[in-house]
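The values are calculated or read from the model by the stated rules, or taken from the named source; none is laboratory data. No experiment lies behind these values; they were computed from the predicted model shown. So basically every Cβ, Gly included, is an ideal-geometry build from the backbone, and we count neighbours across all protein chains shown. Side chains are part of the model used for accessible areas, which takes the heavy atoms of the whole protein and leaves out ligands, DNA and RNA. Shrake-Rupley method; radii C 1.70, N 1.55, O 1.52, S 1.80 Å.
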Amino acid sequence: MVTKVHACSCVQPPPPSEALDQAGTVFSGEVTAIKEKGIGIKHKQALIEVDQVWKGKKNSEVIVKTGRGGGDCGYEFETGKSYIVYAKDGWGKPEVSLCSRTDQLPSDDPEQLGQGREPVNTVDLSLSNRYPLYLSLIAAGGVAVLGLRKIYKKK
C-alpha cells in the first residue's frame, strides 16, 4: 500500500516589521500548558501567559493553536519557555506554524518591533479547558436517566 506524505516546507520568514503587518496577533509570553485537542484530525493548543502585546487583543492569557509537529508544520512549543508569537487569526484562536516568525526568546525581534504594551484584560483561559469534562458529566447523567426510565417503564 502506498501512502502520500507531505513534508513541511517553508520560505524564509519576513523581517519583524513585515511579519507584524502580516500577522493578526503578535505578543510575547511564557507557555504554561500544552494540550492535544481535536477529534479525527488532532492539533495542539498552547496556553501562554502574555508579557507584551504588539498587535491584537491585550489579554493576559492566549490559547494558540498549532499542528502536532512534523509534516503538518506544527510549532513545537515547550512548557516553561518564553516566545515571541506571530499568529494568523484562525477559527476563534490565533494559529501559528513553523512557517511563521514565531521564535523562542531571547530573540532580537522585540527590540526591532519597539516597545510593546502590557496586557490590560485579565482572563483565566485555563478554566475554558474544563468545559469538556462538564459536558461529559452532563451527557453521562442524561444517559443514566434515560436508562433508568426504560427500566422502570418495563416494570
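Compute from the Cα atoms of the range 1-117 the Rg and the Dmax, the latter being the longest Cα-Cα distance, and quote both in angstrom.
14.3, 54
Taking a probe of 1.4 Å, how large is the accessible area per residue of the range 16-81, in Å²?
So the range 16-81 comes to 49 Å² accessible per residue, rounded to a whole number.
Starting from the Cα of E118, step 7 Å along the direction of its Cβ; do the same at I41; then give the gap between the two resulting points in nm.
Output for this residue pair reads 4.1 nm.
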